[in-house]
Amino acid sequence: MLCAWLSFYGAALYGSARVDPSTVPDVETVLADSLKLSRQKAVVARRCPSHSGNRASSSTWIACAARLSARGQTRVLGFFLDLTAKLSG
């Protein structure tokens, strides 16, 4: 379901089912969960840098960082932010 939610927010993931917008969690929750999933699914990891760099505002990242910190996933966030910066120049 998480891949479908990422697709809803604009990530280019193929094969994701269409979802009812009223059932999709907020973007911060979806980003936080997707970074955890990115360690298990390469397709999600390949989408995180481009998706995070293009779609998320700074306030979204602040909220996302707080959620990731509570889940012990701040290193994953740092990795993708650094990778996004390098890929975007």
Taking the stated definitions as given, is PRO21 without any contact (Cβ under 8 Å) to a residue 40 or more places away in the chain, out of contact with any helix residue (DSSP H, G or I) (no Cβ under 6 Å at 6 or more places or on another chain) and within 25 Å of ARG75 (Cβ to Cβ)? no
Failed item, numbered, when ALA66 is tested on (1) touching a helix residue (DSSP H, G or I) at 6+ places or on another chain (Cβ under 8 Å); (2) modelled with pLDDT of 75 or more: (1)
Can you name the residue in region 14-53 that is aliphatic (A, V, I, L, M), exposed (fewer than 14 other Cβ atoms within 10 Å of the Cβ) and modelled with pLDDT of 70 or more and is also farthest from ALA85 (Cα to Cα) among such residues? VAL19
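The values are calculated or read from the model by the stated rules, or taken from the named source; none is laboratory data. Computed from a predicted structure; not experimentally measured. Cβ atoms come from the backbone with ideal geometry, glycine included; neighbour counts cover every protein chain shown.
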